[in-house]
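Some notes on the structure that comes next.
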Amino acid sequence: MAVLKVEGIEKKFGELVALNGVSFEVHDRECLGIMGPNGAGKTTLFNVISGFIKPDRGDIRFRGESIVGKKPSRLVKMGLVRTFQLIKVFKQMTVEENVVAAGGGMDELERVGLEKKKGIIASSLSQGELRRLSVALALATKPKMLMLDEPFSGLSTSESRELESIIESLKGDGIPLVVIEHKLKELFNVVDRLIVLNYGQVIFEGQPEDAVRDEAVVEAYLGGNGFEG
């Protein structure tokens, strides 16, 4: 049984069709990547799955249960947890206070390599450390599936490698993952399978190495901003 099953999701904002019949599955112990040019519908899709936006049509099933219409707080309690492109932490609290507030502790900080920063005010952290702290906060909720929204955004090469290692360790634990990302090199390094969105539709599903050779994918990217390394 799929951990997450998205079936025929449609969402319009006025006359703008943001999602048009999107369907896919996330399997147990899988890391699924989602990519697409700007305006493809990636963030809208994440917002629909995580309960921040209600779809106009379609169904989403998490661990066999329909979750359409459920509030984000309820989905977190069910184990469906996400991070955000814009990092959301308590910047005036220490690193340890942040993770304790989310229900975790030193285990989560050690998991993301921030145990030595536990007494540091979060606003003093680097972009990479803030990104790792956001992952620690998500892990504190004991997720049954974790959705990462552009986790490599703004990170240096060394910071990206650190985050890749954390994602690999989560995969080793069997936590299903869904990752939206513009930085394709980093995305391809961590995902098992890939879907590509364009104009709110799935135009490719398969292995990452096949995506860059797919005519529809190449056209979608070259017609926009091109591929990012």
Some residue of the range 82-97 being among the acidic types (Asp, Glu), out of contact with any Phe, Trp or Tyr (no Cβ under 6 Å at 6 or more places or on another chain) and part of a loop (DSSP other than H, G, I, E, B): no
Number of positions in the range 13-37 that are under 20 Å from Ala2 (Cα atoms) and open to solvent by 70 Å² or more (accessible area, probe 1.4 Å): 3
Residue satisfying condition, being of a type in the set (A, V, I, L, M, F, W, C), open to solvent by 50 Å² or more (accessible area, probe 1.4 Å) and either assigned to a helix (DSSP H, G or I) or at pLDDT 95 or above (or both), within set Phe188, Phe227: Phe188
Subset of the range 143-158 [without any contact (Cβ under 8 Å) to a residue 40 or more places away in the chain and open to solvent by less than 40 Å² (accessible area, probe 1.4 Å)]: Phe152, Leu155
Whichever residue in the range 11-58 is among the acidic types (Asp, Glu) and farther than 18 Å from Val81 by Cα and, among such residues, is modelled with the lowest pLDDT: Glu15
Filtered residue count, the range 38-64, keeping only those that are open to solvent by 30 Å² or more (accessible area, probe 1.4 Å), free of Cβ contacts under 8 Å to residues at least 60 places away in the same chain and touching a helix residue (DSSP H, G or I) at 6+ places or on another chain (Cβ under 9 Å): 4
Pairs with Cβ under 6 Å, 6+ apart, first in the range 70-87 and in contact (Cβ under 8 Å) with a residue 12 or more places away in the chain, second surrounded by 13 or more Cβ atoms within 10 Å (Cβ to Cβ) and assigned to a strand (DSSP E or B): Leu80/Phe62; Leu80/Met145; Val81/Leu146; Arg82/Met147; Thr83/Leu148; Thr83/Asp149; Phe84/Asp149; Gln85/Asp149
Only listed residue being open to solvent by 20 Å² or more (accessible area, probe 1.4 Å) and closer than 21 Å to Leu32 by Cβ, chosen from Ile166, Ile87, Ile175: Ile175
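Table: residues versus (1) hydrophobic (A, V, I, L, M, F, W, C); (2) more than 19 Å from Leu187 (Cα to Cα); (3) out of contact with any helix residue (DSSP H, G or I) (no Cβ under 6 Å at 6 or more places or on another chain).
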site	(1), (2), (3)
Gly104	no, yes, no
Asp107	no, yes, yes
Val112	yes, no, no
Lys118	no, yes, no
Ser124	no, yes, yes
Gln127	no, no, yes
Ala136	yes, yes, no
Ala140	yes, yes, no
Lys144	no, yes, yes
Enumeration of residues in the range 101-138 that are over 19 Å from Ser158 (Cβ atoms), outside any helix (DSSP H, G or I) and either open to solvent by less than 10 Å² (accessible area, probe 1.4 Å) or in contact with an Asp or Glu (Cβ under 6 Å, 6 or more places away or on another chain) (or both): Lys118
Residue selected from the range 191-208 under the condition over 30 Å from Glu15 (Cβ atoms) and open to solvent by 40 Å² or more (accessible area, probe 1.4 Å), by the criterion nearest to the chain's Cα centre (by Cα): Asp192
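The values are calculated or read from the model by the stated rules, or taken from the named source; none is laboratory data. In this text, all values refer to a predicted model and were calculated from it rather than measured experimentally. Note: ideal-geometry Cβ built from the backbone for every residue, glycine included; neighbour counts use all protein chains shown. Ligands, DNA and RNA are stripped out before the accessible areas are found, and what is left, the full protein with its side chains, is counted by its heavy atoms. Shrake-Rupley method; radii C 1.70, N 1.55, O 1.52, S 1.80 Å.
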